[in-house]
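Heads up: the structure comes next, in structure tokens.
The values are calculated or read from the model by the stated rules, or taken from the named source; none is laboratory data. None of the values given here were measured: they were computed from a predicted structure. Don't worry about glycine lacking a Cβ; one is built from the backbone with ideal geometry, like all the others, and counts go over all protein chains shown. Calculation scope for accessible area: heavy atoms of the full protein, side chains included, ligands and nucleic acids excluded. Shrake-Rupley method; radii C 1.70, N 1.55, O 1.52, S 1.80 Å.
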Amino acid sequence: MFPIRQIAAIAILMTVGSAAAQQLTENDAVSRALSREALLQSQTGVRDAARADVARQSIWSNPSLSYLQEPGDGDDETTLALSQTFELGGRGLRVSAARTRGEAAEHEIAQLRFDVARDARLAFYELLAAQRSVELLARWGERVRQGSATIEVLQRGGEVSGYDRRRAERERLTVDARLRTERAR
């Protein structure tokens, strides 16, 4: 069940663009994850299987009718027999076990929904942290670019050495690389 939960949670957040993701709330992400068709079908299947098992264990077996015709010395003998199997022991236990499995299936569904909601929240906050990290790196990159441009002007005027300009350029390249990495992630 783990891949279903993870896929449901991640699929919700991947369908939302970055501008829309900023407006997406935690509750929206959780409700979208819980309303995914695959999850709903899985829950319905588990419930239906449990109900079918209870029904199968609860019903009596069908009676059987047999027909026999034996030829005789001028008078044919015809026999009809109706039989019904009655189970005297164990049936009640099987019905009780089926009902207990049904209750367990409901608990399994509740746990699955809890896990999907948890995974959606986790993915939501990871996305939010990544967006904020990108925003901060973009602002930092802009400030480093401005500082690098200022240092370049100062170097042309002889105020700072080439080493300072190269160091500022390396810092700008580092920030740009980290920003591209964060955007890709």
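Any idea which residue in the range 138-149 is most open to solvent (accessible area, probe 1.4 Å), counting only those that are closer than 30 Å to A29 by Cα and not aromatic (F, W, Y)?
Ranking the qualifying residues of the range 138-149, first place goes to R139.
Which residue, of L68, L80, is open to solvent by 100 Å² or more (accessible area, probe 1.4 Å), part of a strand (DSSP E or B) and in contact with a strand residue (DSSP E or B) (Cβ under 9 Å, 6 or more places away or on another chain)?
One residue alone meets the criteria, L80.
Kindly evaluate R132 against the criterion of being at pLDDT 90 or above and assigned to a helix (DSSP H, G or I).
Yes; evaluated as a whole, the condition is true for this residue.
I'd like to check something: does the range 157-166 contain any residue that is open to solvent by 90 Å² or more (accessible area, probe 1.4 Å), outside any helix (DSSP H, G or I) and either more than 30 Å from A52 (Cβ to Cβ) or touching a Leu at 6+ places or on another chain (Cβ under 9 Å) (or both)?
Checked against the condition, which is being open to solvent by 90 Å² or more (accessible area, probe 1.4 Å), outside any helix (DSSP H, G or I) and either more than 30 Å from A52 (Cβ to Cβ) or touching a Leu at 6+ places or on another chain (Cβ under 9 Å) (or both), the range 157-166 yields at least one hit.
Pull out all pairs, ordered by first then second residue, where Cβ-Cβ is under 6 Å, the residues are six or more apart or on different chains, the first lies in the range 94-122 and is surrounded by fewer than 17 Cβ atoms within 10 Å (Cβ to Cβ), and the second is β-branched (V, I, T) and assigned to a helix (DSSP H, G or I).
Once the first residue is surrounded by fewer than 17 Cβ atoms within 10 Å (Cβ to Cβ) and sits in the range 94-122, its partners that are β-branched (V, I, T) and assigned to a helix (DSSP H, G or I) give R99/V54.
Test V175 against the stated conditions and say whether it is assigned to a loop (DSSP other than H, G, I, E, B), of a type outside the set (D, E, K, R) and in contact with a helix residue (DSSP H, G or I) (Cβ under 7 Å, 6 or more places away or on another chain).
It is false that V175 is assigned to a loop (DSSP other than H, G, I, E, B), of a type outside the set (D, E, K, R) and in contact with a helix residue (DSSP H, G or I) (Cβ under 7 Å, 6 or more places away or on another chain).
Give just the number: which of (1) out of contact with any helix residue (DSSP H, G or I) (no Cβ under 6 Å at 6 or more places or on another chain); (2) among the acidic types (D, E); (3) open to solvent by less than 30 Å² (accessible area, probe 1.4 Å) does E135 not satisfy?
Result: E135 fails condition (3) only.
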